[in-house]
């Protein structure tokens with residue numbers, strides 16, 4: 001398991017380590033013949049230039065850390081995939097640290113990463129209005145925030161929830177829906193308020209009435225989708241279009257409607273949020289839903305971090321990336 | 001953003017860099033007074049001993065790589081959490097590399113990690129009978145396989161599918177079920193065959209008839225659960241206990257039964273596999289299912305890798321970790 005070192009290469013080539021080092025690093029004066037010979041010996045031995053040693057001189061480790069409090073990874077995995085995809089060509093690898101809601105664990109991970117001289121950190125999570133349980137504002141490396149709250153003077157990348165909502169509600173209006181309601185999560189979430197505001201604005205702009213009662217707040221669960229349908233269908237004034245705050249609520253709504261023999265999408269159209277494919281595709285009918293393009297969000301977070309690491313200028317503040325409506329059968 | 005270096009500490013303390021280095025590394029001869037002073041200066045400046053530099057001398061980087069082809073992360077995230085939890089106390093950080101089914105991408109990630117002198121690799125995936133699309137058998141670092149196929153002379157850690165099946169079927173038998181069937185995934189999956197064999201054995205051991213027709217092979221989807229119920233309920237000979245190959249199939253089965261007004265668990269008991277909580281808990285009634293203890297599996301993979309990195313003996317071959325039945329309402 002011993003690694004081949006520069007000493008082994010030098011010994012095998014019959015030169016000094018200094019000469020071997022110059023030949024392999026392309027620095028200093030070595031004849032092209034000697035350089036070629038040493039490179040051949042290095043290749044034969046399976047010598048791998050030591051990135052750690054190079055990092056020490058270049059002050060770059062080509063590693064970044066991804067901190068997340070999203071245990072199930074529904075949001076973090078696509079973000080991670082985007083970061084990795086955007087950075088691997090530059091030889092950058094990503095440490096993933098799941099810190100749950102544990103400040104001590106978070107600090108341990110951050111310290112371990114700083115010890116390894118990471119070039120920067122991307123903080124990500126499951127709530128855009130909560131910061132991770134660790135202060136990242138005074139680190140010796142740049143930090144980019146994605147899908148979690150960051151300080152005003154940092155780069156924070158979030159989906160454009162208002163635009164995503166306009167796409168969803170606009171779709172329902174174009175389908176001829178006139179009694180549209182919004183069944184969503186707890187009003188304590190910032191995204192819930194943002195989407196509710198955009199929901200009202202879109203209806204008003206289309207000249208459709210929008211009583212306050214048209215937004216129903218609950219939990220992020222299928223159960224709440226079922227409950228909301230049960231409440232709505234116990235009255236005479238029923239919606240013909242339902243925009244849901246996430247795909248789980250939408251799943252409950254669709255199942256609740258089908259159990260009442262309501263035809264989706266002919267009687268009622270339903271749109272979800274998240275495009276959680278494994279659920280959206282298996283919903284009967286398959287769910288039309290808003291995709292937050294989290295992979296692209298991760299890609300941009302990685303690129304922004306790399307620019308900061310390289311000392312390039314990056315516009316701070318909140319970046320909002322557009323969502324995409326994925327039209328399926330509901 | 002400039003990091004505080006040993007040179008800064010030496011200058012501020014008014015000593016040579018050699019003395020500063022000796023004092024901070026606890027090597028060489030430095031008076032305890034000078035050592036204390038230099039340590040204080042280092043702390044005041046926020047100096048962080050360079051783990052990269054220490055790695056070079058110790059030949060350890062305290063980093064391991066996790067390679068996975070499981071894009072959605074349902075299986076990889078719990079494994080990752082277990083690895084990380086087991087290793088963070090030792091200062092080990094984990095590179096996560098999602099390689100999908102892309103050999104070129106896999107090689108790029110492995111090369112990038114080897115360049116960074118990782119101590120070892122854990123390969124993980126979504127199928128125990130498929131290896132990742134990259135050859136890991138001739139690397140200069142140890143490799144442990146978890147939830148993916150590995151070579152015979154390596155450590156490969158898998159859930160005990162047979163034991164998990166015995167737990168599930170035993171539970172149905174104890175609930176008084178006598179006409180038990182198994183609705184599962186494609187027969188091309190090794191776990192499908194293993195679980196089917198354990199299913200037959202458990203029924204036979206209990207003196208229950210088990211016709212070959214009692215195992216229905218299909219896809220890993222809700223849709224297949226619905227289809228299977230539709231087929232079964234079009235005949236007179238109907239099961240009173242159903243063991244499903246995963247939670248998505250079980251979800252389809254439970255929904256299909258409820259739509260036929262069949263009482264779960266009084267008329268028919270259903271058990272799933274995976275304990276995918278976000279689905280299992282929202283199933284109506286909440287799903288009884290087999291948990292593969294993937295976090296523990298990850299923890300053991302991390303510990304095994306660490307022992308190999310330290311040159312300690314580790315038993316090679318296939319390790320099977322027990323599953324746990326999680327009893328809910330179905």
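Bear in mind these aren't lab numbers, they're just calculated from the coordinates by the rules spelled out. Keep in mind the model is a prediction, meaning the values are calculated, not measured. Neighbour counts run over all protein chains shown; Cβ positions are idealised from the backbone, glycine included.
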Consider a paramagnetic label point 7 Å from the Cα of residue A:201 along Cα→Cβ; state which residues of segment A:145-181 have an amide N under 18 Å from it.
A:158-173
Distances in nm from residue A:263 to the matching label points in the other copies, shortest first (labels 7 Å along Cα to Cβ):
3.5
Here the FRET efficiency for residue B:281 versus residue B:104, based on Cβ atoms and R0 = 41 Å and rounded to 0.05, is 0.55
C-alpha center-to-center spacing [segment B:282-330, segment B:84-156] in angstrom:
17
Between residue A:45 and residue A:193, with labels modelled 7 Å along Cα→Cβ, what's the label distance in nm to one decimal, could you check?
6.4
Using alpha carbons only, how many degrees (0 to 90, rounded to 10) separate the axis of helix A:222-232 from the longest principal axis of chain A?
20
Just need the Rg to Rh number for segment A:161-291, please, alpha carbons only, Kirkwood Rh.
0.92
Please check: in the Gaussian network model of chain A (C-alpha springs, under 10 Å), which one of A:230, A:42, A:313 has the largest mean-square fluctuation.
A:42
Once every DSSP H run of n ≥ 4 in chain B is given -39500 (n - 2.57) and the sum is divided by its residues, what mean residue ellipticity at 222 nm do you get, rounded to the nearest 500 deg cm²/dmol?
-13000 deg cm²/dmol
Put a point 7 Å out from Cα along the line to Cβ at residue B:35; what are the distances to that point in the other copies, in nm, shortest first?
4.7
Checking A:19, A:283, A:188 against a Gaussian network model of chain A (alpha-carbon springs below 10 Å), the top fluctuating residue turns out to be A:19
Taking the Cα atoms only, what angle lies between the long axis of helix B:103-115 and the longest principal axis of chain B, rounded to 10 degrees?
30
Take chain A, connect every pair of alpha-carbon atoms lying under 10 Å apart with a spring to form a Gaussian network, then pick out the residue of A:34, A:289, A:316 with the largest mean-square fluctuation.
A:34
Quick one: work out the % antiparallel among DSSP beta bridges in chain A, nearest 5.
10
Could you tell me what percent of the DSSP beta bridges with both partners in the protein assembly as shown are antiparallel, to the nearest 5?
10
State the extension gain, in nm to one decimal, for the chain segment bounded by residue A:219 and residue A:152, taking 0.36 nm per residue of separation less the distance between their alpha-carbons.
21.2 nm
Cα axis of helix B:294-309 to longest principal axis of chain B: angle in degrees, 0 to 90, nearest 10?
40
Find every distance from the label point of residue A:235 to the corresponding label point in the other copies (7 Å from Cα along Cα→Cβ) and write them in nm, one decimal, shortest first.
4.9
So if each residue of separation counts as 0.36 nm, and I subtract the Cα-Cα distance between residue B:235 and residue B:313, what length gain in nm does that give?
22.4 nm
With a point put 7 Å past each Cα toward its Cβ, work out how far residue A:29 is from residue A:267 in nm, to one decimal.
9.0
Cα-projected label distance for residue B:260 with residue B:328, points at 7 Å along beta-carbon direction, nm:
2.2
